[in-house]
Every structure is written in C-alpha cells, then in structure tokens.
Amino acid sequence: QVQLVESGGGLVQAGDSLRLSCVASGRTVSSYAMGWFRQAPGKEREFVAAMPWNGASTNYADSVKDRFTISRDIAKNTVYLQMNSLKPEDTAAYYCAATRLPITTSPTNYNYWGQGTQVTVSS
C-alpha cells in the first residue's frame, strides 16, 4: 500500500514557476515508478512526467518538455515537479501517482493516486 499527498499548487501568472511536491509513504515505495498527471475541467487526465524511484530515467509529455522537471528526494520520500515558464494552458488539477510497472504514460497503469493539487495560471 502506498499513500500519496501532493502540495504546492496555487494561482500564478503566465511565465511564473511553481514546484509541486508529493510525499509518498509505504514500506515498498522504492519499488514503484512515480508519475505526475493533470486534468483540466472537461478534459481527460493526461500524462505530464514520470520517473522510476531510483531516478535512472525520466519521461515527459511533449507539451511540458524543457519547462517541467521531475525529481525525487529519497531521504524525504518525496517526488517533485518543478514547473517553469507556466502557461494558461497548464491550468489543471495535478495528481501524483505510483505504479509497480516501469515508467508508463497511461493513467490506467497507475495503482495509487494522491488527492490532487490545483494549479491556475492567469494570462
């Protein structure tokens, strides 16, 4: 069992930065790959970024590549999503998720989800 708690969302202006955090708890959290997804009103949940807990690789959606960075702090059991150069189209609820599979972009492959944190980017 893995519990995930996100934080760090907020209201910012276009061009600003935010860092989201996801604290993971559970005895075997190190065996999971971690992902960030987002969902805007009326839209499907979409993949943003993912990495295995060991940090060996990363994967990003094309829409956020070169602007967002996923990372983790093993000692704190925390995964981060650094978001730079934010755009109004980045507005969404952002979710942290965990999967036993290798990093994957499909939300259906993730077993555990956080409650989400809202990011709103004004123009």
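The values are calculated or read from the model by the stated rules, or taken from the named source; none is laboratory data. Bear in mind that the values here come from a model prediction, so they are computed numbers and not experimental data. Ideal geometry is used to build each Cβ from the backbone, glycine not excepted, and the neighbour counts take in all protein chains shown. Just the protein is used for accessible areas: all its heavy atoms, side chains included, with ligands, DNA and RNA removed. Shrake-Rupley method; radii C 1.70, N 1.55, O 1.52, S 1.80 Å.
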Item checked: In region 71-123, the trypsin sites (Lys or Arg not before Pro) that fall in loop regions by DSSP, at most 10 other Cβ within 10 Å -> none
Checklist line | Rounded D (µm²/s) - region 70-123, Kirkwood Rh over Cα pairs, Stokes-Einstein at 10 °C, 1.306 mPa s | finding: 123 µm²/s
Note to self: Please give the charge dipole size of the chain, origin at the Cα centre, charges +1 on K and R Cβ atoms and -1 on D and E Cβ atoms. Round to the nearest 20 debye.
What the structure shows: 300 debye
Check: What length, rounded to one decimal in nm, is gained on full extension from residue 57 through to residue 118, with 0.36 nm per residue of separation minus their alpha-carbon distance?
Finding: 19.3 nm
Next item on the list: Compute, for residue 113, the solvent-accessible surface of its heavy atoms (probe 1.4 Å) with the complete set of protein chains present, and express it in square angstrom to the nearest 10.
Entry: 80 Å²
Margin query: Running a GNM on the chain with Cα contacts under 10 Å, which residue among 24, 75, 93 ends up with the highest mean-square fluctuation?
Written below: 75
Margin query: Let me make sure I get this right: for the chain, a, b and c are the square roots of the gyration tensor eigenvalues over alpha carbons, sorted descending. Under 1.5 in a/c it's rounded, otherwise prolate if a/b > b/c, else oblate. Which is it?
Written below: prolate
Margin query: What number comes out for accessible area per residue over the chain if the probe is 1.4 Å? Units Å², please.
Written below: 51 Å²
Note to self: Given an 8 Å cut-off on Cα distances and at least 6 residues of separation, report the relative contact order of the chain as a percent.
What the structure shows: 36 percent
Checklist line | GNM result for the chain, Cα springs below 10 Å: residue of 15, 42, 55 fluctuating most strongly | finding: 42
Check: Taking the Cα centre of each part, how many Å lie between region 61-123 and region 1-19?
Finding: 8 Å
Item checked: Most mobile listed residue (52, 41, 88) in the chain, GNM with C-alpha springs under 10 Å -> 41
Notebook entry, point to check: By accessible area of protein heavy atoms, probe 1.4 Å, what ranking do 46, 6, 89 get, highest first?
Noted result: 89, 46, 6
Next item on the list: First compute the accessible area of the chain with a 1.4 Å probe, then give the percent of it belonging to carbon and sulfur atoms.
Entry: 47 percent
Notebook entry, point to check: What list of ³J(HN,Hα) values in whole Hz, one per residue of region 59-75 in order, does the Karplus curve 6.51 cos²θ - 1.76 cosθ + 1.60 (θ = phi - 60°) give from phi, with Gly and Pro shown as x?
Noted result: 9, 10, 5, 4, 5, 10, 4, 6, 10, 10, 9, 9, 8, 8, 10, 4, 4
